Amino acid sequence: MKILIAASEAFPFCKTGGLADVTGALAQVFSRTEGNEVVLFLPRYRNVGGGAFSPKAAGGSFLIPIGGRMETATMSRVQWGKAEVYFIECPKYFDRPGMYRSAHGDYEDNDERFLFFARAVLEGAKFIGFKPDVIHCHDWQTGLVPAYLRTLYRIDSFYAKTASVFTIHNIAYQGMFPKETLLKAGFSWLDFTPEKLEFYGGINFMKAGLVYSDLLTTVSPTYASEIQYRPEFGHGLEGVLKHRTSDLFGILNGIDEEIWDPATDTFLDRGYELKSFQRGKAACKKALQKELGLEENKDLILAGVVSRLDRQKGLDTLLRVAPEFLDKMQFVVLGSGDPGLSDAFTALAAQHPKRVAFRSGFDEELAHRIYGGTDIFVMPSRFEPCGLSQMIAMRYGSPPVVTRTGGLKDTVAYNGEPKDSTGFAIDYADDGQLKSVLGHIVSLFGWRENWNMMVRNAMRGDFAWGKSADAYLKLFSIASQRRQL
């Protein structure tokens, strides 16, 4: 099968969050399956091209209409394992300090940037002669690809049998723009109806993907249900999703078990596996406490957070609750985002330097050491489409504290009994509930036999991409067969 993956980011080339980890992993997993040809299309941002990957020019250029004018696209290419990666180049749109936003907020021309990218993906595939059986699109930045396929490109013989599958990673981010964007994108006013592209008087790129794709997926079974039946999760698109309920599938994300392996992780002070985790984690904990200037004390519970600082993640709840546990616990937080949360964690760490450590930004190596050196991992999200951090934490023997939502509910088992649990769960990101579960953890931590039983349960989890990749490939086959009819 010929698979084209269209995404706005993919690790290790460009990344702001979990979307990049997923698209990068899928490109590799799909390409290793016998009989598949995989190409990945990405924008060529300013920071792409360092390190081990130096894209080579693909030669030539092509024009993309934006409203009444033409913009020029070129491409560069790199071979990545068995997958080919093509970068859409246009300095006007992509040679900027940030991928989606500046320090002052989202780029005002994000509509032009990503309608340009969507159309350049389709023109670029023709340019290199890659006729896909399926185009796998990810989030709002690629939502116009399926829309173009079924409107402007519907009589293009090159794409006559090409299916599209659209994956929702986080429906809270939809790509909402004024109705004038419709004309910039080349659509007709006939497409500006509630059944098609119109959304509360504007154009919604996410909705375009939902309406025009052959099949839809999202990143966990629970999230697939939440976004259809709970308005606070569907963010206005629950009606569209319910209309397409028979075409919507929840497929759990996985993690790269080669990158995230405590036995071989070179960033850890000492590697460990299931049989040796007690000594290994003790060494990693001591090293992490020392590195961060925390009190080196094996009896204090060390809780970790690696996260975007955002209200979605429930970290404001942690901020309010943590001070009550500083006699028995330590906290290490790594992340960036909301300036208010960042300032609050900075202040808390300054007040309690032996109990709280905060590091702003993202540090890949420190993230590994946090997973390896902490006793628990705190993730009280208000909603979480899938989440990867809880899976990594379990693999590293750090039982996660989560809310029962989305992929957190699907991956973390907790029923109050250590022998049947892989972590801890609360119903909502609520101060009282988080306080209660942390109190329970303090009591259980001293009961080493039961604690270690839970750690072993967590480490035995299988979060590899195999099953999920098979589920995607089956859906690709179904979508492709529909297009042959």
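Points worth noting:
- Residue check for K281: at pLDDT 95 or above, open to solvent by less than 70 Å² (accessible area, probe 1.4 Å), touching a Gly at 6+ places or on another chain (Cβ under 9 Å) and assigned to a helix (DSSP H, G or I): yes
- Subset tally (residues that are open to solvent by less than 10 Å² (accessible area, probe 1.4 Å) and part of a loop (DSSP other than H, G, I, E, B)) for the stretch 363-383: 3
Conditions (1) assigned to a strand (DSSP E or B); (2) more than 17 Å from the chain's Cα centre (by Cα); (3) among the basic types (K, R); (4) surrounded by fewer than 22 Cβ atoms within 10 Å (Cβ to Cβ), marked per residue:
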residue: M206; (1), (2), (3), (4): no, no, no, no
residue: L210; (1), (2), (3), (4): no, yes, no, no
residue: E232; (1), (2), (3), (4): no, yes, no, yes
residue: K242; (1), (2), (3), (4): no, yes, yes, yes
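- Considering (1) closer than 18 Å to F424 by Cβ; (2) surrounded by fewer than 24 Cβ atoms within 10 Å (Cβ to Cβ), the lone condition that S360 does not fulfil carries the number (1).
- Any hit, the stretch 257-275, residues being out of contact with any strand residue (DSSP E or B) (no Cβ under 8 Å at 6 or more places or on another chain), open to solvent by 70 Å² or more (accessible area, probe 1.4 Å) and part of a helix (DSSP H, G or I): yes
- The one condition in (1) in a helix (DSSP H, G or I); (2) over 19 Å from F325 (Cα atoms) that V437 fails to fulfil: (2)
- Answer residue from the stretch 14-30, given it is of a type outside the set (G, A, S) and open to solvent by less than 20 Å² (accessible area, probe 1.4 Å) and is farthest from the chain's Cα centre (by Cα) among those: F30
- Checking M391 against (1) in a helix (DSSP H, G or I); (2) closer than 21 Å to I301 by Cα; (3) without any contact (Cβ under 8 Å) to a residue 40 or more places away in the chain, the condition it does not meet: (3)
- Test: residue in the stretch 471-482 that is modelled with pLDDT of 95 or more and not in a helix (DSSP H, G or I): no
The values are calculated or read from the model by the stated rules, or taken from the named source; none is laboratory data. Small disclaimer: the values here were computed from a predicted structure and weren't measured. Cβ atoms come from the backbone with ideal geometry, glycine included; neighbour counts cover every protein chain shown. Remember, those area values only see protein heavy atoms, side chains included, never the ligands or the DNA or RNA. Shrake-Rupley method; radii C 1.70, N 1.55, O 1.52, S 1.80 Å.
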